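S.K.: Here's a structure for you.
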Amino acid sequence: QVQLVESGGGSVQAGGSLRLSCAASGDPSSGYCMGWFRQAPGKEREGVAAILPGGYSLYSDDSVKGRFIISRDNAKNTLYLEMNSLKPEDTAMYYCAVASTHVCWSGSWRRPNGYAYWGQGTQVTVSS
């Protein structure tokens, strides 16, 4: 059983930065596929980035890859998402999720259905 708690969201001007954190408790998270998802009102929940047990990072597209950095601290059982050069279209509820290791190696890691554990979400609002 894994419990996830996100923090670090807030309101920021376009071009600003935020660093989201996801604290994991229960089962150790270092050996799992861990990902960040976001969902805006009226839109589908989409994968933003994921990180493999060995630390290799995956990003949904080049736009995200150039601005966001996913990382983990195994000693603290914490997942991070550093977001830079934020845009209004980044506004969404951001969720941390955990899946079996094989999900990160699959081509469907961006889909939420493969993740068994979810945090409550943290709101990110970017204004112009």
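The values are calculated or read from the model by the stated rules, or taken from the named source; none is laboratory data. Since we're looking at a predicted model, the values are computed, not measured. Cβ coordinates were reconstructed from backbone atoms using ideal geometry, including for glycine residues, and neighbour counts include every protein chain displayed. Accessible surface is based on the protein model in full, side chains and every heavy atom, while ligands, DNA and RNA are left aside. Shrake-Rupley method; radii C 1.70, N 1.55, O 1.52, S 1.80 Å.
S.K.: Please verify whether residue 127 is touching a Gly at 6+ places or on another chain (Cβ under 7 Å), over 24 Å from residue 1 (Cα atoms) and in contact (Cβ under 8 Å) with a residue 60 or more places away in the chain, treating the condition exactly as stated.
M.R.: Taking the combined requirement at face value, the residue does not satisfy it.
S.K.: Something else about it: Between 19, 67, which is of a type in the set (Lys, Arg) and in contact (Cβ under 8 Å) with a residue 40 or more places away in the chain?
M.R.: Sole residue among the options that is of a type in the set (Lys, Arg) and in contact (Cβ under 8 Å) with a residue 40 or more places away in the chain: 19.
S.K.: Then there's this: Of all residues in region 1-23, which are open to solvent by less than 40 Å² (accessible area, probe 1.4 Å) and not in a strand (DSSP E or B)?
M.R.: Going through region 1-23, the residues open to solvent by less than 40 Å² (accessible area, probe 1.4 Å) turn out to be 2, 4, 6, 8-10, 12, 16, 18, 20-22.
The answer is 8, 9, 16.
S.K.: Kindly indicate which of 17, 85, 7 is among the polar types (S, T, N, Q), under 17 Å from residue 125 (Cβ atoms) and in contact with a Gly (Cβ under 7 Å, 6 or more places away or on another chain).
M.R.: Checking each option against the conditions leaves just 85.
S.K.: Restricting to region 24-35, what's the tally of residues that are assigned to a strand (DSSP E or B) and of a type in the set (S, T, N, Q)? Steps first, please.
M.R.: The initial filter retains those residues of region 24-35 that are assigned to a strand (DSSP E or B), namely 24-26, 33-35.
Right, trim to of a type in the set (S, T, N, Q) and you get 25.
Going through region 24-35 one residue at a time, the tally reaches 1.
S.K.: Report yes if residue 105 is over 19 Å from residue 9 (Cβ atoms), touching a helix residue (DSSP H, G or I) at 6+ places or on another chain (Cβ under 8 Å) and not β-branched (Val, Ile, Thr), otherwise no.
M.R.: For residue 105, the condition - over 19 Å from residue 9 (Cβ atoms), touching a helix residue (DSSP H, G or I) at 6+ places or on another chain (Cβ under 8 Å) and not β-branched (Val, Ile, Thr) - is not met.
S.K.: Then there's this: If I go through region 54-77 residue by residue, how many of them are on the phi < 0 side of the Ramachandran plot and touching a Ser or Thr at 6+ places or on another chain (Cβ under 6 Å)?
M.R.: Let us first name the residues in region 54-77 that are on the phi < 0 side of the Ramachandran plot, namely 54, 56-76.
Applying the additional criterion that residues be touching a Ser or Thr at 6+ places or on another chain (Cβ under 6 Å) yields 67, 70, 74.
Residues flagged as on the phi < 0 side of the Ramachandran plot and touching a Ser or Thr at 6+ places or on another chain (Cβ under 6 Å) within region 54-77 amount to 3.
S.K.: On to the next question. Is one or more of the residues making up region 94-109 in contact (Cβ under 8 Å) with a residue 60 or more places away in the chain and in contact with a Lys or Arg (Cβ under 8 Å, 6 or more places away or on another chain)?
M.R.: Checked against the condition, which is being in contact (Cβ under 8 Å) with a residue 60 or more places away in the chain and in contact with a Lys or Arg (Cβ under 8 Å, 6 or more places away or on another chain), region 94-109 yields at least one hit.
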